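Written out below as structure tokens is the structure these notes cover.
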Amino acid sequence: MSLVFQRNVPLKALNTFGFDSIAERFVRLESVDDIHALHASLDENPSPLLLIGGGSNLVLGRQVPGVVAQVAIAGIECEELGGDRVRVTLGAGEEWHSSIESLLRQGIYGLENMALIPGCVGAAPVQNIGAYGVEVKDRIEAVEVYDWQQRRCFWLKNADCEFAYRDSVFKRHYDRYLITRVRFLLSRVAECVVTYKPLRDAIETGLEVSPQAIFDAVCRIRREKLPDPVVLGNAGSFFKNPVVSMSQYETLKAKCPNIVAYAEGDGFKLAAGWMIDQRGWKGFRQEGVGVHEHQALVLVNYGKGDRRQIEALAGMISEDIQVHFGVQLEIEPRFYP
Ligand SMILES: Cc1cc2nc3c(=O)[nH]c(=O)nc-3n(C[C@H](O)[C@H](O)[C@H](O)COP(=O)(O)OP(=O)(O)OC[C@H]3O[C@@H](n4cnc5c(N)ncnc54)[C@H](O)[C@@H]3O)c2cc1C
């Protein structure tokens with residue numbers, strides 16, 4: 001069957017900021033055949049291409065030229081490897097949170113700390129999503145990609161994905177790969193990661209240490225801390241936590257003794273939210289956007305916001321942090337176009 005392209009498709013429900021945005025052409029990719037068909041169509045009619053999953057890490061402009069392709073490849077396969085290990089292969093279009101829920105129900109563990117992160121499986125490796133002490137790279141065996149240059153699918157081993165903090169080869173080369181499936185190495189035995197402070201605190205006050213209890217606690221804490229995009233448009237953390245050298249950290253610590261930071265490699269990862277909060281941005285509003293009242297790292301759309309307004313606000317915050325702390329903030333979501 002040939003691909004169905006729709007014209008002038010509203011993307012408001014397909015980006016968690018809830019920005020009014022129109023895709024010139026929109027198509028759903030449900031199989032590798034669909035990808036080949038899209039590639040052939042782009043050969044005939046070259047145009048820009050945006051891949052989209054759940055739109056929870058995107059800042060979209062009002063008009064999105066060319067093609068927006070929603071990767072909707074389904075599938076969940078589990079292969080027992082002996083011992084307690086299970087190899088799980090998920091289609092890129094599977095919803096991330098419900099996949100974790102479904103695996104938990106089957107007694108397959110390892111992803112529960114990343115519960116309730118919005119979006120699809122295919123986008124998880126793109127920025128190496130992470131939460132509550134676990135990054136997705138810790139659980140990925142390999143990522144299946146369609147390579148636009150070679151016009152074929154193949155598996156990239158974990159080591160070839162160049163994973164780093166909120167980064168990967170996929171994020172650095174948006175135009176090279178389309179992720180079709182992700183393969184995880186998980187376990188039938190609980191290996192709970194409880195290094196993250198809010199989880200340690202919950203354990204001290206009686207939380208049971210089991211995958212289901214961690215899943216429930218992560219969901220509860222996240223619901224308390226983060227605005228629900230259905231109610232208030234946002235893309236989660238808007239800035240990455242900057243990593244600085246030991247000497248830069250010591251200089252900052254002398255100036256701001258309460259600075260919140262964690263050892264990271266040879267340097268320190270600074271809590272961007274703490275710095276933004278210290279500068280009094282929490283609750284700040286400008287035009288239709290603002291900084292969330294309880295979470296300084298989250299920029300929100302109060303309903304009438306748009307990409308230009310978010311960009312302007314992010315620029316003001318970044319400049320202030322640069323002037324006051326001498327630290328350059330880096331934006332986490334992708335602006336498009
Ligand atoms: C409330 C909230 C909380 C969040 N919390 C976290 C968190 O704790 N940790 C965290 O790391 N992130 C978090 N995020 C960010 C976001 O949810 C993740 O980055 C998520 O993986 C994005 O998935 P998506 O399907 O929505 O991707 P999209 O926003 O649709 O796309 C993100 C990027 O990936 C590309 N892409 C999408 N699908 C594919 C594919 N199949 N192949 C190749 N490229 C593709 C897109 O082109 C785009 O560049 C949060 C966001 C929100 C709104």
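The values are calculated or read from the model by the stated rules, or taken from the named source; none is laboratory data. All figures in this text were calculated on a predicted structure; none of them were measured in a lab. Cβ placement follows ideal geometry from the backbone for every residue including glycine, while neighbour counts extend to all protein chains displayed. Only protein heavy atoms, including side chains, enter the accessible area calculation; ligands, DNA and RNA are left aside. Shrake-Rupley method; radii C 1.70, N 1.55, O 1.52, S 1.80 Å.
Okay, here's what the table says:
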| item | result |
| --- | --- |
| Given (1) farther than 25 Å from Pro48 by Cβ; (2) surrounded by fewer than 18 Cβ atoms within 10 Å (Cβ to Cβ), number of the condition Cys153 does not satisfy | (1) |
| Pairs, first in a strand (DSSP E or B) in the stretch 154-169, second at pLDDT 95 or above and crowded, with 17+ Cβ neighbours inside 10 Å, C-beta under 6 Å, six or more apart | Trp155/Ala142; Trp155/Glu144; Leu156/Val143; Leu156/Val145; Lys157/Ala142 |
| Filter result for Pro257 (crowded, with 18+ Cβ neighbours inside 10 Å and in a loop (DSSP other than H, G, I, E, B)) | no |
| Residues of the stretch 69-97 that turn out to be aliphatic (A, V, I, L, M) and within 10 Å of the ligand (Cβ to nearest atom), as a count | 5 |
| Leading residue by the ranking (nearest to Val32 (Cα to Cα)) among those in the stretch 120-141 that are more than 9 Å from the ligand (Cβ to nearest atom) and either under 18 Å from the mean Cα position of the chain (by Cα) or in a loop (DSSP other than H, G, I, E, B) (or both) | Ile140 |
| Ala213, sole failed condition from (1) of a type in the set (Gly, Ala, Ser); (2) open to solvent by 40 Å² or more (accessible area, probe 1.4 Å); (3) not in a loop (DSSP other than H, G, I, E, B) | (2) |
| The lone exception for Val145 - which of (1) open to solvent by less than 20 Å² (accessible area, probe 1.4 Å); (2) β-branched (Val, Ile, Thr); (3) assigned to a loop (DSSP other than H, G, I, E, B) it fails | (3) |
| Pairs with Cβ under 6 Å, 6+ apart, first in the stretch 113-130 and without any contact (Cβ under 8 Å) to a residue 12 or more places away in the chain, second part of a helix (DSSP H, G or I) and open to solvent by less than 20 Å² (accessible area, probe 1.4 Å) | none |
| Scope the stretch 220-241; condition open to solvent by 20 Å² or more (accessible area, probe 1.4 Å), touching a helix residue (DSSP H, G or I) at 6+ places or on another chain (Cβ under 9 Å) and either near the ligand (Cβ under 7 Å from one of its atoms) or assigned to a strand (DSSP E or B) (or both); matching residues | Ser237 |
| Selected residue (criterion: most open to solvent (accessible area, probe 1.4 Å)) from residues of the stretch 70-92 that are touching a Phe, Trp or Tyr at 6+ places or on another chain (Cβ under 8 Å) and of a type outside the set (Lys, Arg) | Gln70 |
| Any pair with Cβ under 7 angstrom, 6 or more apart, that starts in the stretch 39-57 at a residue that is more than 29 Å from Trp96 (Cα to Cα) and ends at one that is open to solvent by less than 50 Å² (accessible area, probe 1.4 Å) and not in a strand (DSSP E or B) | Ser41/Leu3 |
| Candidates Ile100, Ile117 - the one that is more than 17 Å from Ala164 (Cβ to Cβ) and within 10 Å of the ligand (Cβ to nearest atom) | Ile117 |
| The stretch 161-207, residues that are within 16 Å of the ligand (Cβ to nearest atom), within 26 Å of Gly91 (Cβ to Cβ) and loosely packed, with under 12 Cβ neighbours inside 10 Å | Arg172, Asp175 |
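Here's the yes/no breakdown for (1) more than 9 Å from the ligand (Cβ to nearest atom); (2) open to solvent by less than 20 Å² (accessible area, probe 1.4 Å); (3) more than 15 Å from Pro337 (Cα to Cα); (4) of a type outside the set (D, E, K, R):
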position	(1), (2), (3), (4)
Arg7	yes, no, yes, no
Leu11	yes, yes, no, yes
Ile22	yes, no, no, yes
Ala37	yes, no, yes, yes
Leu42	yes, no, yes, yes
Asn45	yes, no, yes, yes
Ile52	no, yes, no, yes
Gly55	no, yes, no, yes
Arg62	yes, no, no, no
